[in-house]
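Read the figures in this text as sums done on the coordinates, not as results from a lab. Because the structure is predicted, anything quoted here is derived from the model rather than measured. Cβ placement follows ideal geometry from the backbone for every residue including glycine, while neighbour counts extend to all protein chains displayed.
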Amino acid sequence: MKKYLITLIPVVLLGWQRGPVQERGTYVVADSTSGADIKPIPSQYKAEELTTRILSNYHYRKTKLDDTLSAVMFDSFLDGIDHGRLYYLASDIAEFNKYKYSFDDYLINKELDVPFEIYNVFRKRYKERSEYIQALLKEKKPFDFSTDESINTDREKAAWAKDAEELNDTWRKYLKSEALDLKLSGKADSSIATTLRDRYKNRDRALARIRTEQVFQMFMNSYAEALDPHTSYMAPTAADRFKQDMSQSLEGIGALLQEEDNYIKIKEVIPGGPAFKGKQLKKEDKIIGVAQGDEGKIVDIVGWFVDDAVKLIKGPKGTVVRLQIISADALPGTPPKEYRLVREKIKIEEQRAKKEIVSIKSGKKDYKIGVIDIPLFYRDFEGAQQREKEFSSTTRDVQKLMAELQTENVDGIVIDLRNNGGGSLTEAISLTGLFIKNGPVVQVKEGQGEVDVQSDNDPSVAYSGPMAVMVNRFSASASEIFAAAIQDYKRGIVVGEQTYGKGTVQTLINLNQYDPKYREPLGEAKLTVAKFYRINGSSTQLKGVMPDLELPTAFKVNEYGEGSQPRALPWDQIPSSRYETTNHVNDKVISQLKDKYSQRLKSDEELKTLVKTLDEFKKARENKIVSLQEAKRKIEREEAEKKRKAMKQLGEDSEEVEEDLSGKPVEAPKEEKKKKDIYLKETGRMLVDLIQIAKEPTLAGAKKK
């Protein structure tokens, strides 16, 4: 079986403010005091040549190097440098527009002068803004919080400022908003300006450390990302850091971090770590402050490099770190929350599948539903290769858990794949085999058109009873393959949200392999080489898996997931495999289940409250305007906090934790903690409905395809 990268792995794609701390090789380092331009170095011309050749020849999407691609690259490059449109002027963009249809030519002709020229203009504009910011923050009273004005926090589609005066006013409002947040969070007036001055001086230092390889990487990624969002070029130090991230991910708080829009964001919560077990942090949360121990002072890390932030967050096992977090789903103006974590190494056993039994009452009967939570599809490939008897395996663990649940006489089983970002394709296939006799599980189509059908060849079935698969927006890759196979075989019901839609396969290529005689390191390319297809011929790419029964969601369509990426590969179909469906589920059964669920949506108070709360929350998130007047901002924050608490109480797998006035969690005794997971409860009800319907003589027989 070919080795592919299929997990939803976050790769650090460096923007202007991002970059590794350590030096290696020969780099041109910018001097922020002299204003010296950053220039390309010889090895980058070679890397440009090889990356262009590899991506144009071997990427799944055969894209011509033409003016259409050039325009996409041009826009992507500018967006990577100045995403918030807070530095370049409209006159700069007008000047750059003459290059818009030439980026493809730069790749063909191995030219780099223009991309570096565009970046050096940014450095000039940045210096102008920095001087304005520091001058404003030196004033005795830089902000008047009684003035009734507001700011739009979403600048993705904002117009470029026509002059420096317009940009200064935009920055004044941004600084005022940050100052007001600090003031409302209890910061003394005397220290607000100092905090902001230090914050932006940190950003100045970050810019001064930008090297030629970061600029080159941005340019090459404007090409790579034009092909698809999972393709990228990694310069030598970035490639080294990627490898270190993969090998060192078992230490610290258990989260992979990435810089984005001047913030340190959580790109992945690693199963088994403190962040995973505490359920306080989640993907896309922003870390704005870090403190050591229970009494340490919060250090503001807005504008920091991810490398420096990691050094602050990591620490000896057993020590305490406190994080100030802006939640991913926070409404504009929501105050940050503080969470306490105890550092430790990730415990492998915490990554492994776990079981529990929930009781669902229907009529006069209590049904026992077994729930198996699978955080990721794990497999000890080395142990398997050496034929160790007890090597770590998702399939093996789930088989044991199901055997235990069956001895406890459960009426049905739920496989919980919420937030499961993928993992081993081998395990996704073998896990599917526990529920079907044998047959195809997934199809893999390579760029040349060759289709490889991967199957379960074991005719034994570990569990033949009623089952449901729970998914959400962050169920991806291997999770989607398993859920799709269960759905296509009509083996069980899929419940939850539309999944992520990550149906592509990547491979890593070291550029030096293509020119072994070249002495300088050239970096690596990660490119998409294949796509996954369900056994019914439909791709899991972009659309993911649509659940048979859709639960209420806090997200709009394409807000997260593959569909939120502008250059994602399209959904398509190939011929279906031959497979035999079971008689567990059919269209009539799904229709009956939907009817029963619809009735509960109208009558069940808990579900009605959930739907109402989510609708209000989604509507509130559409408003990106926040007030800069203290009195109004207080009201906005109070309303946002009410909605946040309402969401928290109704969230999946949440625990009710009281908070003090500052928002810090106050731990209650374990016996007082009350677990509430409406989504799991409703999935259990749906499975009970399926069990009851199955007793009726109306089910259709199996169908051959």
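Distance between the C-alpha centres of segment 161-200 and segment 123-139: 12 Å, rounded to the whole angstrom.
Calculate how many DSSP beta bridges within segment 421-559 are antiparallel, expressed in % of all such bridges and rounded to the nearest 5. Before the final figure, lay out each step's value.
Details: 18 of 24 bridges.
The antiparallel proportion sits near 75 percent.
Against the chain, whose longest principal axis comes from its Cα atoms, helix 394-407 is set at around 40 degrees. With contacts taken as Cα pairs under 8 Å and at least 6 residues apart, segment 252-342 reaches a relative contact order of 28 percent.
Checking the table 364/681; 355/608; 543/648 against a 21 Å threshold on Cα-Cα, which pairs fail?
Where the Cα-Cα span goes over 21 Å, the pairs concerned are 355/608; 543/648.
Of the residues 108, 266, 253, the one with the fewest other Cβ atoms within 10 Å heads the list, and the complete ranking is 108, 266, 253.
Each label point was placed 7 Å from the Cα along the Cα-to-Cβ direction; for residue 188 and residue 79 their separation is 4.5 nm. Charging the Cβ of each Asp and Glu at -1 and of each Lys and Arg at +1, and nothing else, the dipole of the chain about its Cα centre rounds to 980 debye.
Using C-alpha pairs below 8 Å separated by at least 6 residues, the relative contact order for the chain is 14 percent. Since only 135, 55, 448 are under comparison, the one whose Cα sits farthest along the positive direction of the charge dipole of the chain, derived from C-beta charges on Lys, Arg, Asp and Glu, is 448. Give me the Kirkwood hydrodynamic radius of segment 168-307 in Å, from all C-alpha pairs, to one decimal place? Computed over Cα pairs of segment 168-307, the Kirkwood hydrodynamic radius comes out at 17.6 Å.
In this Cβ point-charge picture (+1 for Lys and Arg, -1 for Asp and Glu), segment 252-342 has a dipole of about 420 debye about its Cα centre.
Which value at 222 nm does the chain reach when only helices count, each DSSP H run of 4 or more adding -39,500 (n - 2.57), with the total divided by all residues and rounded to the nearest 500 deg cm²/dmol? Please report the intermediate quantities before stating the final value.
Numbers: 20 runs with 270 residues, N = 705.
Estimated from H runs of four or more residues: -12000 deg cm²/dmol.
What FRET efficiency do you get for residue 619 and residue 157 if R0 is 25 Å and r is their Cβ-Cβ distance, rounded to the nearest 0.05? Kindly include the intermediate steps, with their values, before the conclusion.
Working: r = 20 Å, r/R0 = 0.81.
Computed FRET efficiency for residue 619 and residue 157: 0.80.
Would you mind telling me the antiparallel percentage of the DSSP bridges in the chain, rounded to 5? Around 80 percent of the beta bridges assigned by DSSP in the chain are antiparallel ones. Report note on the peptides 506-513, 163-170, 279-286: ranked by the mean count of other C-beta atoms within 10 Å, highest first, their order is 279-286, 506-513, 163-170. For residue 508, no residue 5 or more places off, or on another chain, has a built amide H under 5 Å of its own.
Expressed in nm to one decimal, what extension gain is obtained for the pair residue 113 and residue 71 from 0.36 nm per residue of sequence separation less their Cα-Cα distance? Write down the numbers at each step before the final one.
Details: separation 42, 0.36 × 42 = 15.12 nm, distance 1.75 nm.
Extra length from residue 113 to residue 71 when fully extended: 13.4 nm.
Packing order of peptides 137-148, 488-499, highest average first: 488-499, 137-148 (average count of other Cβ atoms within 10 Å over each peptide's residues).
Rounded, prolate or oblate: which fits segment 496-650 when a ≥ b ≥ c are the square roots of the eigenvalues of the alpha-carbon gyration tensor, with rounded for a/c under 1.5 and prolate only if a/b beats b/c? It is oblate, given that a/c is not under 1.5 and a/b is not larger than b/c. Under 5 Å from the amide H of residue 522 lie the amide H atoms of 512, each residue being 5 or more positions distant or on a separate chain, with H modelled from the backbone and absent for Pro and chain starts.
In this structure, the amide hydrogen of residue 267, modeled 1.01 Å from its nitrogen in the peptide plane, lies closer than 5 angstrom to those of 256, 257, 258, 284, counting only residues at least 5 positions away or on a different chain. Measure nothing fancy, just the Cα-based angle from helix 587-603's long axis to the longest principal axis of the chain, in degrees from 0 to 90, nearest 10. Compared with the principal axis, the helix lies near 70 degrees. With the charge dipole of the chain set up from +1 on Lys and Arg Cβ and -1 on Asp and Glu Cβ about the Cα centre, the Cα lying farthest toward the positive end among the listed residues 508, 336, 118 is that of 336. Treating the angle as unsigned and between 0 and 90°, give the value, to the nearest 10°, between the Cα long axis of helix 212-227 and the longest Cα principal axis of the chain. Between the helix axis and the principal axis of the chain, the angle is about 40 degrees.
Starting from the Cα gyration tensor of segment 42-238, take the square roots of the eigenvalues, sort them a ≥ b ≥ c, and report rounded, prolate or oblate (rounded when a/c is under 1.5, otherwise prolate if a/b is larger than b/c, else oblate). Here segment 42-238 falls in the prolate category.
Given axes a ≥ b ≥ c from the Cα gyration tensor, I'd like to know whether segment 252-342 is rounded (a/c under 1.5), prolate (a/b larger than b/c) or oblate.
Values: a/c = 1.32, a/b = 1.20, b/c = 1.10.
Judged from the Cα gyration tensor, segment 252-342 comes out rounded (a/c under 1.5).
Subtracting the Cα-Cα distance of residue 314 and residue 198 from 0.36 nm times their residue separation leaves 39.5 nm of extension gain.
Subtracting the Cα-Cα distance from 0.36 nm times the residue separation, let me have the gained length for residue 208 to residue 294 in nm, one decimal. Could you put the intermediate results ahead of the total?
On the way: separation 86, 0.36 × 86 = 30.96 nm, distance 3.38 nm.
Stretched out fully, the residue 208 to residue 294 stretch lengthens by 27.6 nm.
Post the alpha-carbon centroid distance, segment 438-454 to segment 561-608, in whole angstrom. Value for the Cα centre distance between the two parts: 23 Å.
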